[in-house]
There are 2 protein chains.
Amino acid sequence: MEYRKIKDEDEVRDAGVEDVGKSFLLSVPDNDLTSEGETKIDSHREKVKWKRKSVVTLALTVLTSSQGILIVWSKRAGKYEYSVTTANFMVETLKCAISLVALGRIWKKDGVNEDNRLTTTLDEVIVYPIPAALYLVKNLLQYYIFAYVDAPGYQILKNFNIISTGVLYRIILKKRLSEIQWAAFVLLAAGCTTAQLNSNSDRVLQTPFQGWVMAIVMALLSGFAGVYTEAIIKKRPSRNINVQNFWLYVFGMCFNAVAMLVQDFDAVMNKGFFHGYSFITVLMIFNHALSGIAVSMVMKYADNIVKVYSTSVAMLLTAVVSVFLFGFHLSLAFFLGTVVVSVAIYLHSAGKIQR
Amino acid sequence: MEYRKIKDEDEVRDAGVEDVGKSFLLSVPDNDLTSEGETKIDSHREKVKWKRKSVVTLALTVLTSSQGILIVWSKRAGKYEYSVTTANFMVETLKCAISLVALGRIWKKDGVNEDNRLTTTLDEVIVYPIPAALYLVKNLLQYYIFAYVDAPGYQILKNFNIISTGVLYRIILKKRLSEIQWAAFVLLAAGCTTAQLNSNSDRVLQTPFQGWVMAIVMALLSGFAGVYTEAIIKKRPSRNINVQNFWLYVFGMCFNAVAMLVQDFDAVMNKGFFHGYSFITVLMIFNHALSGIAVSMVMKYADNIVKVYSTSVAMLLTAVVSVFLFGFHLSLAFFLGTVVVSVAIYLHSAGKIQR
């Protein structure tokens, strides 16, 4: 299978990569240096890495949570008037543009070198369309699952993503979580679901068998796409993230262009590309683009597990902020779910494997 | 304060107690013996203790869970026709009788000695009325809290007991829980509450300030009574549990006799003591008596933490069994709560302090 091949190549390449890259890949401190000077540099490097990891995680949490708030806001403002496929295409285009601007600045500063050149080999680029393709399949399935589950039920079932990401992270990236961390991950899924409970949630238990299967398949696709993206990005640790993002997003643009042509060709032709765009629409596109870049950064400098925790906390933050912005009420279930998620975060950090 | 005095006496006495007693008190294996023979005896002793601990915990779980089922059954069968105070008095009397019968068998086998004689000193017996008195105050408060909270809301607030027991266990008995075990305890409380959620649960958030205060005071009283009972029973580890139970229950009888006279004197005089007793009533009295004895045993051979886990699992078991017996439906919240409680149990055992 393709991902096994990547994994094997990964291991072969590892031997040759520089130290920083190696420790990104393994996410463990390099403590095999003995001379004092090297240890100092090493501890400084660790600090820089830790800072970078924290900043991208915080950025992802804030962006995802404001994304949730924008969605609530746009829903309150009325129905979506614009075509969703054009908006998705704009998000991908914007991400590409931002990556190119960032690259331009780097080229100006450091010059073009092996790690930050945009040109690439077939061997490097061939895997980049896969995540975009997986998300496309998942989004197509999304239309069909609503035949079996209603929208609030689907929100509940989406928490399978947490479990599937953990399992695929273990299987594909071969990274270990301690038993306590696995327990924390189960709690994260249970806590997020609890926080989303409302008086109609029990209806989801009546989901027919096909609905459960589709929910699980979608969770696996989404988890696989995430883990695969991490594998691609981490495969070449020294490669500049903006180049890697550029190639990821170029294929995202292609797939979204196809979706747009298939689904909304007439509407775009008759009403125009930007028909129905409002100020909120533009804000949402910018927010989605920035969150997408934050996700890539988290994949590069942290991992899928951090991403899942970050987006879960964002979900809770969105609800709390909505209380102040839109006068929402928090339920007892939300409070209990938040307690469980908080304990899960503590346990994930307390349960770190000691090596 | 009284409990500090006990604690100090405890430490002084410890020096003189035999090994088995000492390790009951500290709940850690005695590994300071070096000769092979002694180590073997020691490991055998550990096994016996572990077995006894498991049996009493299992008994408490099964009895508490069938207690829940009997309550549902009696509610379905109709209103309580009998006087609750006479039933409580009967429970205490039955516990006393069972303790005496058990003692009689022990006397026949081993003869009367310092540890199993029924006669006692004022110094030993003076603390025994305290748990019964605390429970009486708590039960009196129970009448007043319903002015602020409805019955389902009170069920939710009762989960404060879990937290208060943990905190008082730490403060009064000075026993340590690891950080993971504290996290597990918070999860146990959150999980139990989640499992009990229903569409009306959010009303509990509207509880007025007095209601919260009373709920917390009641949780502290109940937690204190439990922890204090453990302190009394473990204070004299070599003393036979049946003697200790006898004295606990004698004072239980006294307090319940007073409650009966104050509240139901007329009814008992006019209608008779056993008016309205049915087969279920008798079953419930037997079940309560046996559960009470199981609680004492858990206090002697395990501790309050084990008791809380055991009764929490019993609550979940009651719900599952009720599905089969009474056709109840389990909610998604119940399922999520069960997941969280299960993880809490795992973490409590995984987080054991290694010494």
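The values are calculated or read from the model by the stated rules, or taken from the named source; none is laboratory data. Everything numeric here is computed off the predicted structure, so don't read it as measured data. Positions of Cβ are generated from backbone atoms using ideal geometry, with glycine treated the same way; all protein chains shown enter the neighbour counts. Each accessible area value is taken on the protein alone, full model and side chains, heavy atoms only, with ligands, DNA and RNA left out. Shrake-Rupley method; radii C 1.70, N 1.55, O 1.52, S 1.80 Å.
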Review point. Which value, in debye to the nearest 20, gives the size of the charge dipole of the protein assembly as shown about its Cα centre, when Lys and Arg are +1 and Asp and Glu are -1 at the Cβ?
Key: 340
Practice item. Mind checking the per residue accessible area of the protein assembly as shown for me, 1.4 Å probe, whole number of Å²? Key: 51
Study note, to complete from the structure: Between the modelled labels at residue A:198 and residue A:158 (7 Å from Cα along Cα→Cβ) the distance in nm is 1.3
Revision key, fill the gap. Comparing each residue of the range A:176-194 in the complete protein assembly with the chain by itself (heavy atoms, probe 1.4 Å, ligands and nucleic acids ignored), those losing at least 10 Å² of accessible area are A:179, A:180, A:183, A:186, A:187, A:190, A:193, A:194
Point to revise | Fully extended contour minus Cα-Cα distance, from residue A:179 to residue A:122, at 0.36 nm per residue | key: 16.5 nm
Practice item. For chain B, with a Gaussian network of springs between Cα atoms less than 10 Å apart, report the residue from B:267, B:231, B:189 with the top mean-square fluctuation. Key: B:267
Study note, to complete from the structure: Shortest first and in nm, the label-point separations between residue B:133 and its counterparts in the other identical copies (7 Å out along Cα→Cβ) come to 7.9
Review point. How many percent of the alpha carbon pairs in the range B:235-355 exceed a separation of 21 Å?
Key: 62
Exercise for review: Restrict the search to the range B:108-203; then list the trypsin sites (Lys or Arg not before Pro) that DSSP places in a loop and that have at most 12 other Cβ atoms within 10 Å of their Cβ.
Suggested key: B:174, B:176
Study note, to complete from the structure: Under a Gaussian network model of chain A whose springs join Cα atoms within less than 10 Å, the largest fluctuation of A:319, A:147, A:59 belongs to A:147
Review point. Over the range B:2-350, what relative contact order in percent results from Cα pairs under 8 Å that are six or more residues apart?
Key: 38
Practice item. For residue A:346, place a label point 7 Å out from Cα along the Cα→Cβ vector, do the same in each other copy, and report the separations in nm, one decimal, smallest first. Key: 1.9
Revision key, fill the gap. Among B:156, B:126, B:145, the residue with the largest mean-square fluctuation in a Gaussian network model of chain B built from Cα contacts under 10 Å is B:126
Point to revise | Accessible area of chain B belonging to carbon and sulfur atoms, whole % at 1.4 Å probe | key: 65
Review point. Contour minus end-to-end for residue A:112 and residue A:81, with contour as 0.36 nm per residue of separation and end-to-end as the Cα-Cα distance?
Key: 6.8 nm
**Study point:** chain A: C-alpha gyration tensor shape, a/c 1.5 cut-off, then a/b vs b/c
**Key:** oblate
Review point. Helix hunt in chain B: which complete DSSP H runs extend at least 15 Å axially by C-alpha with mean Kyte-Doolittle at least -0.5?
Key: B:36-77, B:84-110, B:129-145, B:160-172, B:179-195, B:209-235, B:241-271, B:279-301, B:304-326, B:332-350
Check your understanding: If one takes the accessible area of chain B alone plus chain A alone and subtracts that of the pair, with a 1.4 Å probe, what total in Å², rounded to the nearest 100, results?
Key -> 2000
Practice item. Scan chain A and report its longest stretch carrying no GluC sites (Glu not before Pro) that are both in a DSSP loop and have at most 16 other Cβ atoms within 10 Å. Key: A:115-355
Review point. What's the extension gain from residue B:171 to residue B:254 if we count 0.36 nm per residue and subtract their Cα-Cα distance?
Key: 26.9 nm
